[in-house]
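Data first, discussion second: the structure below is written as structure tokens.
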Ligand code: ADP
Ligand code: MG
């Protein structure tokens, strides 16, 4: 059982405050979705959890299993089992997928790493994701379409077996078939490994496949409303507008 706790986080980049008192706690076996308009700080949040140095924590802390990880480097966080599937996965020419994953697993497992099970598992997951087999021997994301990059993030997740999974708009750029493949594979992973999942999205269609138990609306750098899955339907019907208006009203009544 693992817990990721984000406690009153204030973050800035380029002198601009982006996260403004963000709070969230996620436990193993829970799926949380964060929804919110563009530019509200969702990707910033995911990068800060992973330890991206471009974002400066001004106040607050991130805890993993009760211990502050606020000052840990990204590789240390990955070793604890935290994984980020990025909104815009980068190209890394010259390093193949297989190389990257082998190196990462070698570091994590040390003596216990063995090549044959690694290759077998990778083949199995590549098939499951309906990826082209030769992609694993190409430079990471080199010449990959948007959809292929997203599948590649899911392949990495499966191979690294993280206990805490953050998926930043894993649905963007996917056609309906890929969306289904990605969605069902995330659910399969969840059912098999029972990780904590933080799903960032501003589309409802992914949530047909991945059903979050907890839904949070993020506006202007913090969570303004939390609820169950029914909140998704509310947003679908009324958009974010009604929630923004409600907040404005509360402010003026104060
Ligand atoms: P979201 O993912 O919710 O769309 P982001 O976290 O990507 O939002 O961005 C939040 C705000 O912070 C935006 O206004 C964006 O332009 C700004 N921002 C994010 N990263 C940087 C950066 N590296 N430098 C400058 N501004 C940034
Ligand atoms: Mg984003």
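The values are calculated or read from the model by the stated rules, or taken from the named source; none is laboratory data. In this text, all values refer to a predicted model and were calculated from it rather than measured experimentally. No Cβ is skipped: glycine too gets one built from the backbone with ideal geometry, and neighbour counts run over all protein chains shown.
The residues on offer are 110, 39, and the sole one that is under 20 Å from the mean Cα position of the chain (by Cα) and either outside any strand (DSSP E or B) or within 16 Å of ligand 1 (Cβ to nearest atom) (or both) is 39. Determine if the stretch 5-17 includes at least one residue that is under 16 Å from the mean Cα position of the chain (by Cα), away from ligand 1 (no atom under 15 Å from the Cβ) and outside any loop (DSSP other than H, G, I, E, B). Looking through the stretch 5-17, at least one residue is under 16 Å from the mean Cα position of the chain (by Cα), away from ligand 1 (no atom under 15 Å from the Cβ) and outside any loop (DSSP other than H, G, I, E, B).
Does residue 68 satisfy being surrounded by fewer than 19 Cβ atoms within 10 Å (Cβ to Cβ), over 25 Å from residue 244 (Cα atoms) and in contact with a strand residue (DSSP E or B) (Cβ under 6 Å, 6 or more places away or on another chain)? Yes. Residue 90 meets all of the listed conditions (1) without any contact (Cβ under 8 Å) to a residue 60 or more places away in the chain; (2) within 16 Å of ligand 1 (Cβ to nearest atom); (3) under 24 Å from residue 148 (Cα atoms); (4) not in a loop (DSSP other than H, G, I, E, B) but one, namely (4). Cβ-Cβ distances below 7 Å connect the following pairs, each with a first residue in the stretch 33-48 that is over 21 Å from residue 61 (Cβ atoms), a second residue that is within 8 Å of ligand 2 (Cβ to nearest atom) and outside any loop (DSSP other than H, G, I, E, B), and a separation of six or more residues or different chains: 36/42. Here's a check for you: in the stretch 97-112, which residue that is under 13 Å from residue 160 (Cα atoms) and surrounded by fewer than 14 Cβ atoms within 10 Å (Cβ to Cβ) is modelled with the highest pLDDT? In this case the residue turns out to be 103.
Filtering 9, 19 for residues that are more than 14 Å from ligand 2 (Cβ to nearest atom), at pLDDT 95 or above and in contact with a strand residue (DSSP E or B) (Cβ under 6 Å, 6 or more places away or on another chain) leaves a single hit, 9. Hey, could you check the stretch 200-230 for residues that are closer than 30 Å to residue 16 by Cα and without any contact (Cβ under 8 Å) to a residue 24 or more places away in the chain and say which is farthest from ligand 2 (Cβ to nearest atom)? Among those that are closer than 30 Å to residue 16 by Cα and without any contact (Cβ under 8 Å) to a residue 24 or more places away in the chain, it is 227.
Of the residues examined, residue 27 is not one that is in contact (Cβ under 8 Å) with a residue 40 or more places away in the chain and either within 16 Å of ligand 1 (Cβ to nearest atom) or out of contact with any strand residue (DSSP E or B) (no Cβ under 8 Å at 6 or more places or on another chain) (or both). Among the residues of the stretch 174-185, at least one is under 16 Å from the mean Cα position of the chain (by Cα) and farther than 22 Å from residue 36 by Cα. When the stretch 162-176 is limited to residues that are more than 16 Å from ligand 1 (Cβ to nearest atom) and at pLDDT below 95, the one that is surrounded by the fewest Cβ atoms within 10 Å (Cβ to Cβ) turns out to be 176.
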